[in-house]
Amino acid sequence: MKSTLSTEEYIEQLTAKGFVFREDSLGFIEFGKHYTASSDYLVNVAIEITLKAQKQFDGSFFVSLLEMLKAEKIETKHAAFQLVKDKNIM
C-alpha cells in the first residue's frame with residue numbers, strides 16, 4: 001500500500017529520527033520533484049533509497065535516481081528497490 005505522507009511530512013519524520021537535511025538538500029528534493037514531475041510517494045521512496053545507499057543525503061544521486069525511477073516507470077517501493085538491486089546501486 002502506498003504511503004500517503006507528503007514529502008514535507010516524510011522529511012519531518014526523518015528529521016525527528018535524527019536525519020539532517022541541509023538547505024541545499026531540501027533544494028535538491030524540491031528541484032527533483034518538479035523536474036521529474038514525480039508524486040510525493042515516488043520522491044519519498046527516492047529519498048529512502050538515497051539515504052540507504054549513500055548513508056547520507058546526496059542531492060545529485062537523488063535527482064539521478066528519481067530520473068531513473070521515472071524513466072523505468074516505477075510506481076511502487078518494491079519495484080524501486082528491485083531496480084536498484086538489479087542495477088547494483090545498492
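All told, F28 meets the bar of being within 13 Å of the chain's Cα centre (by Cα), assigned to a helix (DSSP H, G or I), more than 22 Å from N88 (Cα to Cα) and not charged (D, E, K, R).
Residue pairs whose Cβ atoms lie under 7 Å apart, separated by 6 or more positions or on different chains, with the first residue in region 52-64 and under 18 Å from K85 (Cβ atoms) and among the polar types (S, T, N, Q) and the second at pLDDT 95 or above and surrounded by 14 or more Cβ atoms within 10 Å (Cβ to Cβ), are Q54/F61. Kindly provide the set of residues from region 28-43 that are charged (D, E, K, R) and either surrounded by 16 or more Cβ atoms within 10 Å (Cβ to Cβ) or touching a residue at least 40 places away in the same chain (Cβ under 8 Å) (or both), ordered by number. Selection gives K33, D40. Taking the conditions (1) under 11 Å from the mean Cα position of the chain (by Cα); (2) at pLDDT 95 or above; (3) under 22 Å from G27 (Cα atoms) in turn, K70 satisfies each one other than (1).
Among the residues of region 46-78, those identified as among the β-branched types (V, I, T) and more than 24 Å from V20 (Cβ to Cβ) are I74, T76. Checking each residue in region 10-21 for being over 11 Å from Q56 (Cα atoms) and surrounded by 11 or more Cβ atoms within 10 Å (Cβ to Cβ) picks out Y10, I11, E12, Q13, L14, T15. Selection within region 65-88: residues that are outside any helix (DSSP H, G or I) and free of Cβ contacts under 8 Å to residues at least 40 places away in the same chain. The member of this set that is farthest from A37 (Cα to Cα) is N88.
Only one entry of S25, S60 meets the criterion of being more than 21 Å from T4 (Cβ to Cβ) and either crowded, with 17+ Cβ neighbours inside 10 Å or charged (D, E, K, R) (or both), and that entry is S25. Return yes when A46 is loosely packed, with under 12 Cβ neighbours inside 10 Å, of a type outside the set (S, T, N, Q) and modelled with pLDDT of 95 or more and no when it is not. It is false that A46 is loosely packed, with under 12 Cβ neighbours inside 10 Å, of a type outside the set (S, T, N, Q) and modelled with pLDDT of 95 or more.
The values are calculated or read from the model by the stated rules, or taken from the named source; none is laboratory data. The structure presented is a predicted model; accordingly, all values stated were derived computationally and were not measured. We place every Cβ from the backbone using ideal geometry, glycine too, and count neighbours over all the protein chains shown.
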